[in-house]
1. Within region 313-368, can you find the residues that are among the aliphatic types (A, V, I, L, M), buried (at least 17 other Cβ atoms within 10 Å of the Cβ) and over 24 Å from GLY191 (Cα atoms)?
2. Write out, first by first residue and then by second, each pair whose Cβ atoms fall under 7 Å of each other, whose residues are 6+ apart or on separate chains, and whose first residue, in region 178-197, is under 17 Å from SER140 (Cβ atoms) while the second is in a loop (DSSP other than H, G, I, E, B) and hydroxyl-bearing (Ser, Thr, Tyr).
3. Please specify each residue of region 143-158 satisfying the condition of being open to solvent by 10 Å² or more (accessible area, probe 1.4 Å) and farther than 18 Å from GLU119 by Cβ.
4. Report whether or not MET94 is outside any loop (DSSP other than H, G, I, E, B) and open to solvent by less than 10 Å² (accessible area, probe 1.4 Å).
5. Give all pairs with beta carbons closer than 6 Å in which a residue from region 30-58 that is within 14 Å of ARG394 (Cβ to Cβ) meets a residue that is open to solvent by 40 Å² or more (accessible area, probe 1.4 Å) and part of a helix (DSSP H, G or I); count only pairs at least 6 apart in sequence or on separate chains.
6. Find the residue count for region 213-242, including only residues that are part of a helix (DSSP H, G or I) and in contact with a Lys or Arg (Cβ under 8 Å, 6 or more places away or on another chain).
7. Can you find even one residue in region 248-262 that is open to solvent by less than 30 Å² (accessible area, probe 1.4 Å), more than 26 Å from ASP335 (Cβ to Cβ) and touching a strand residue (DSSP E or B) at 6+ places or on another chain (Cβ under 6 Å)?
8. Just checking, how many residues over region 143-170 are in contact with a Lys or Arg (Cβ under 9 Å, 6 or more places away or on another chain), more than 23 Å from GLN90 (Cα to Cα) and touching a residue at least 40 places away in the same chain (Cβ under 8 Å)?
Amino acid sequence: MASVLRYPLLLGMVVALLVGSAFSQDSLKPALDPQRLQNIQQRMQEYVDKGLSAGAVTMVLQDGKIVQSTAVGMQNIEEHKPMKQDTIFQIMSMTKPFTAVGIMMLAEEGKISLYDNVETYLPEFHDQPLNVNGWMRKPSRPIRICDLLSHTSGMRNEPQGAMRDLYRTMDRTLEEAVKEYAKEPLEFEPGTKWLYSNPGVATLGRIIEIVSGQSYENFIQTRLLDPLQMKDTFFYPPADKIGRIAMVYMPQNGKFVREGGDILGGDPATYRKGAKYPAPEFGLFSTAEDISHFTQMVLNKGTWKGKRFLSPVSVETMREPQTVGMQAGWYPGADYGLIWEIVNRPLGVVGFLPKGSFGHGGAFGTHEWVIPSRNMITIFMTACEGDCSDLPERGFQEMVSASVE
C-alpha cells in the first residue's frame with residue numbers, strides 16, 4: 001500500500017488497521033546482551049575524550065524498562081557542570097511529533113479531518129499562490145492537513161519575508177507568524193514532492209489553537225505533557241529548571257565554543273527570555289526520561305500507564321509511509337509518514353535499524369527511534385550546532401543494535 005492518505009481518511013484508517021499486524025509487539029522480542037550495552041558508556045566517554053562530543057545522554061528501553069542509560073561530558077563547559085541523566089536539552093524538531101499527536105487527537109474527536117483543506121480553519125491560506133519558475137499561479141488544489149503532516153504541502157523550509165529572523169528573535173505570536181507564512185508562495189503542487197517544512201508544522205500548531213480554543217502551548221501541556229508526567233518538558237524555561245539546561249556548543253579549532261544569538265531559539269544562555277513564539281516546529285525543552293514517556297506511549301499503540309492518548313489506528317496511520325516514490329527524508333532507505341521518518345527499505349540506514357523503525361531528530365543533535373520489532377526505544381541527547389560529528393550518535397545506535405541477540 002503506497003499511501004493511506006491518497007484516499008479518504010476513513011478508508012485509509014480501515015486499511016491501516018488491516019495491515020496493523022506489521023506493528024505487532026506480540027512477535028518474538030529479542031534478548032539484549034548486557035555486556036554490549038554496558039560498553040556504550042565507555043565508548044561515549046571516548047568520543048568526549050577525543051573532542052568529538054562536548055557531552056551526551058543516552059537511554060535504551062525494552063519492554064517498557066530502561067536497560068541502558070549514560071551521561072558523559074559536560075552540559076556547561078564554562079561553569080564546569082557535568083552532563084547528568086536529568087540534564088535538559090533543547091530538543092528542537094523532536095517537538096514536531098507532539099504537534100502531530102495533538103492534530104491526531106483532534107481528528108479522533110471528529111473536530112477535524114486530515115483530508116481537510118487548511119484554509120477551512122485558516123482563511124489566510126485561501127488563494128495561496130504557487131511559484132512556477134518565478135511566475136505565480138493558482139495551485140491545482142489547496143494544501144491539506146495531511147500535506148503538512150507529511151511535509152508534502154509545498155510550503156518552504158524556513159520563514160522568509162517579514163518572519164525571516166523569527167526563529168532567532170522569537171518575538172511574534174504564533175497567530176502573527178502563520179498569517180505571514182500564508183503569504184509565501186508554494187514551491188510545488190501540494191502532494192507531489194517532499195520538502196521538510198518548519199512553517200508547515202507551525203501551521204498545524206495554529207490549527208490546534210483555532211479548533212481547540214486554547215493556546216497551542218496550553219493544549220500540549222494539558223493533553224500530553226501533564227498526563228504523561230513529563231515534569232521537565234516545557235516551551236519557556238522556568239527559573240528553577242535553568243541550571244539543568246545544556247548549553248549549545250559548536251566545534252571550532254579542536255575546541256567546543258558556546259553558540260550565541262544566531263542559532264534557532266536565539267542565545268541559549270538567555271533561555272528564551274521574553275519569547276512569544278512557542279514554535280510548534282522546534283520549541284520544546286526536555287530530558288531523556290521525559291522523552292521515554294512520550295515514545296513509550298507511541299510504542300504502546302497510544303497508551304501509557306493505563307491512559308489512552310491515541311487509538312492504535314491513529315498510531316498506525318502516522319507510521320504509514322506517505323512519500324513512496326519521492327525523494328524524502330534524511331537517511332537512505334527512509335520515507336516520511338505523518339511527521340515520523342520511517343525505515344522503509346534496506347539501504348544501509350543509520351544504526352542497523354530494522355524495517356519499520358521510526359523516529360525524529362532535532363537540530364542540536366537529539367534523536368529518538370521507536371523500534372516495534374524489538375519492542376525497543378533508543379534516545380540520544382546532545383547539544384551541538386554547526387559542523388558536529390555524527391559519530392557519537394551513530395556509534396550509540398549501532399552498539400545498541402549489535403547488542404540484540
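The values are calculated or read from the model by the stated rules, or taken from the named source; none is laboratory data. This one's a predicted model, so the numbers in the text were calculated from it and none came from an experiment. Note: ideal-geometry Cβ built from the backbone for every residue, glycine included; neighbour counts use all protein chains shown. Side chains are part of the model used for accessible areas, which takes the heavy atoms of the whole protein and leaves out ligands, DNA and RNA. Shrake-Rupley method; radii C 1.70, N 1.55, O 1.52, S 1.80 Å.
1. Listed by number, the residues that qualify are VAL349, VAL350, LEU353, ALA363.
2. Close Cβ pairs satisfying both conditions: GLU189/SER140; PRO190/THR152; PRO190/SER153; GLY191/THR152; LYS193/THR152.
3. Selection gives ASN157, GLU158.
4. Yes, satisfied.
5. ILE40/MET399; LEU52/LEU391
6. Qualifying residue count, region 213-242: 1.
7. yes
8. So the answer is 3.
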